[in-house]
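The values are calculated or read from the model by the stated rules, or taken from the named source; none is laboratory data. Values in this document were obtained by computation on a predicted structure and should not be read as measured data. Neighbour counts are summed over all protein chains in view; Cβ atoms, including those assigned to glycine, are modelled from backbone coordinates with ideal geometry.
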DNA sequence: TATGCATTTCATAATAATTTGAAATAGATG
DNA sequence: CATCTATTTCAAATTATTATGAAATGCATA
């Protein structure tokens, strides 16, 4: 693990770079080319976008919700069929459906006595990810 | 919201379909073509795969971790630079890095006094998702 | 309007994730 | 070997998420 020489630079301690620690040379040289820490920060998505992304991932961070995603990728389904496939209580299912809905992965439509859920375009994008990983 | 007639079928109460509730006709007809509830279930990924997917999404369900993903999509970085960009304590950062590592989104490599993190191929796939949504 | 069914809502209990700060580890240097 | 720096580990406190079951809602039908 200790196979590289370790030239140390304190350039990053200068206030223009806002860094209070030393940095290994391999990292430092690349970082300089994009404007140091400040330059790196400008390449990040906005705070709002990052919140949105993490929230969306949270909506898929539970096995029940991932299962719902794949069930609905087959066809739109009413709550009772989803419930039957997964084998959980109605209130529990409702809780999970709501999280997915709030995050724009699914939408619901009342049809008579039933409520039918289907994937949104965003939901479909995530359902297709199975192939990519 | 109440715009469709509601023909009710109890076919799904027959044990071969394992359903104990009524189902709206629009859903029922499509469902029959894939073999009812049992057929639908066979189209799901395995339980292990679903666990894996939800775990991966969990690893991206926090703003700190999403930020790390995007920082590392620019270039490999040592912990101290990541820390400087995000502005959190070392132990907290370590906690989040570990979750991402356990889920195969990043790998670390010791270089002298520092530990350098970089995205795995899997991590890169998720970093690219920004463009898709 | 009374009833039945599908679904949601709500309060609460149970569980899990995150934060915190102190202590430990690991490598480099004097 | 003593010390410094970077990073991780650990236990405890805090906070967030999920599960549960009872009650409420909404639609349909008699």
For this session: Enumerate the pairs (first residue in the stretch A:8-35 and more than 7 Å from chain B (Cβ to nearest Cβ); second residue anywhere and modelled with pLDDT under 90 and away from DNA strand C (no atom under 16 Å from the Cβ)) with beta-carbon separation below 6 Å, excluding pairs fewer than 6 apart on the same chain, so at least 6 apart or on different chains.
Result: A:12/A:19
Exercise. In the stretch A:56-95, what residues are within 12 Å of DNA strand C (Cβ to nearest atom), buried (at least 21 other Cβ atoms within 10 Å of the Cβ) and under 14 Å from residue B:54 (Cα atoms)?
Worked result: A:57, A:61, A:68
For this session: State all residues of the stretch A:46-80 that are assigned to a loop (DSSP other than H, G, I, E, B) and within 13 Å of the chain's Cα centre (by Cα); if no residue qualifies, say none.
Result: A:59, A:60, A:61, A:62
Exercise. Quick check: is even one residue across the stretch A:100-112 more than 10 Å from chain B (Cβ to nearest Cβ), away from DNA strand D (no atom under 14 Å from the Cβ) and either in contact with a helix residue (DSSP H, G or I) (Cβ under 7 Å, 6 or more places away or on another chain) or modelled with pLDDT of 95 or more (or both)?
Worked result: yes
Problem set entry | Count - residues of the stretch B:113-126 that are crowded, with 16+ Cβ neighbours inside 10 Å and within 11 Å of DNA strand D (Cβ to nearest atom) | 4
Seminar exercise, completed: Note: among A:92, A:124, just one is more than 7 Å from chain B (Cβ to nearest Cβ), within 19 Å of residue B:128 (Cα to Cα) and either in contact with a strand residue (DSSP E or B) (Cβ under 9 Å, 6 or more places away or on another chain) or assigned to a helix (DSSP H, G or I) (or both), namely A:124
